[in-house]
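In what follows, a single structure is set out as structure tokens and then discussed.
The values are calculated or read from the model by the stated rules, or taken from the named source; none is laboratory data. Since we're looking at a predicted model, the values are computed, not measured. Here the Cβ is made from the backbone with ideal geometry for all residues, glycine too, and neighbour counts use every protein chain on show.
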Amino acid sequence: MLSLNGWVMDERSYAARLAASLLAIPLTIQTDRRAEIFGPTLGDEEGVYGVGLYEILRHFSRLPNVDRAWPEGDSRLVLEWALEALESFAQARRQALGATMPEKAETDAITLIFRMLEDRLSKAFLEGQEWLSGTSVGFIDIAVFPIAGLARDLGLGMDLYPAVRRFVRKVRQLPGFVTMPGIAACH
Amino acid sequence: MIPVALSMDVVFGDIVPVRHEVQELVLWRDEEGMVHGWEDRCPHRGVRLSLGFIRNNRLACLYHGWQFDHEGRCRAIPSHPSLNPPSTIRTENFRVEEKAGLIWIALRNDAKRPLVPPAEGAWHGVRSLAIRATLAALREALVLETGQWRVSSDRLLAVHSPEEEITMVHMAVSDASARVKAAEWLLDLRDSMEEIRC
């Protein structure tokens, strides 16, 4: 069975757990604090398959029982944007949560990420595309979900991002949805 | 009345935070489809109700789980399950109307402002877009001298002001097939407004 070495507070480890759960991939979780810096690691008894969210999602997409296509062309660019955005968001979130005094966590770069996410989600919705990945939830949606779900940790006014709110609600309703600290289970 | 959201963005199960000037509000829709607009503050410990969740067709606060019904009355306190909460424990409610694909709210502090009736007709929501510009600048750009909304050809535009430097523009169209084009126009408006501001 595949094993994920991740850290419970790490956004990328959460995205890997969420992907496995939504795609019904059996996975054991090992707590590994190194994931906080280097990202999660996927492996099994035979060795390591990938370090970091990109490689893990790529490995998931190659599994025989996974029917989600790996993004190609323009969609690949969106996935790359999503992964970069997640890295920037994770950095800002950790700075905010680890600050000795409360500080304004929403930088211009974070605002830009949310605006782009809102624009992409709104465009997909108006074009009748249910998810960023297409007709079913896919790797792009999973990669951006921690950004949307943990936005409150950065004190963002979610009234400015209705499409992001709609997206969070839809993901939460999926069978196999899992949470992490910061994403309440009771909603 | 103040247009604060598109109807399509407040479905059952959604709990929507809204700000207008200094007022913080929460919108939610009950099982019967009615939208409620309250002050975004639990009367118990002051936590934002917009962080809460829906249980038993009531809005529950995330902190201690106090549940408030459609009238804003507290109906259940989980730590005292046998207690019938007194009727004095209630949220501060505002009058809400749903018209023209938008949700409009009457704030108590707008007594000086004429209560302009919301736009009528069948409209299809496009999107609500935050633009980094003052309400005055947006009013000028949209030729909106008074009130909170205007109809321009087949488009309904309505504005409110969550922050001093940010204005939300809500857009709806009469022809559903024109939504994508209308959304592009709205993005162009944002680009031009923010460029002017820079």
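Here's the yes/no breakdown for (1) touching a Pro at 6+ places or on another chain (Cβ under 9 Å); (2) under 19 Å from B:PRO162 (Cβ atoms):
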position: A:PHE89; (1), (2): yes, no
position: A:ARG120; (1), (2): no, no
position: A:ARG152; (1), (2): no, yes
position: A:GLY155; (1), (2): yes, yes
position: A:ASP159; (1), (2): yes, yes
position: A:ARG172; (1), (2): no, no
position: A:ALA184; (1), (2): no, no
Query raised in the report: Just a yes or no: is a residue in the range A:134-144 touching a residue at least 24 places away in the same chain (Cβ under 8 Å), within 14 Å of another protein chain (Cβ to nearest Cβ) and either farther than 29 Å from A:LEU27 by Cα or more than 14 Å from the chain's Cα centre (by Cα) (or both)?
Result: no
Requested in this report: Give me a count of the residues in the range B:153-198 that are over 22 Å from the mean Cα position of the chain (by Cα), more than 12 Å from chain A (Cβ to nearest Cβ) and small (Gly, Ala, Ser).
Outcome: 2
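Each row is one residue, and each column tells you yes or no for (1) of a type in the set (Asp, Glu); (2) under 22 Å from A:VAL137 (Cα atoms); (3) crowded, with 18+ Cβ neighbours inside 10 Å.
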residue	(1), (2), (3)
A:ASN5	no, no, yes
A:ILE37	no, no, no
A:LEU42	no, yes, yes
A:GLU46	yes, no, no
**Report entry** Of all residues making up the range A:132-152, the number that are closer than 28 Å to B:ILE103 by Cα and either surrounded by fewer than 18 Cβ atoms within 10 Å (Cβ to Cβ) or aliphatic (A, V, I, L, M) (or both)
**Finding:** 6
Query raised in the report: Here are A:ILE29, A:ILE110: which of them is surrounded by 13 or more Cβ atoms within 10 Å (Cβ to Cβ), in a strand (DSSP E or B) and not polar (S, T, N, Q)?
Result: A:ILE29
Query raised in the report: Among the residues of the range B:123-144, is there at least one that is within 21 Å of B:SER7 (Cα to Cα), modelled with pLDDT under 95 and among the β-branched types (Val, Ile, Thr)?
Result: no
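From the list B:GLY65, B:GLY33, exactly one residue is on the phi > 0 side of the Ramachandran plot and within 9 Å of another protein chain (Cβ to nearest Cβ). Which is it?
Sole residue among the options that is on the phi > 0 side of the Ramachandran plot and within 9 Å of another protein chain (Cβ to nearest Cβ): B:GLY65.
Only one residue in B:ILE77, B:ILE89, B:ILE105 is of a type in the set (A, V, I, L, M, F, W, C) and within 14 Å of chain A (Cβ to nearest Cβ), so which one is that?
Result: B:ILE105 is the single residue among B:ILE77, B:ILE89, B:ILE105 that is of a type in the set (A, V, I, L, M, F, W, C) and within 14 Å of chain A (Cβ to nearest Cβ).
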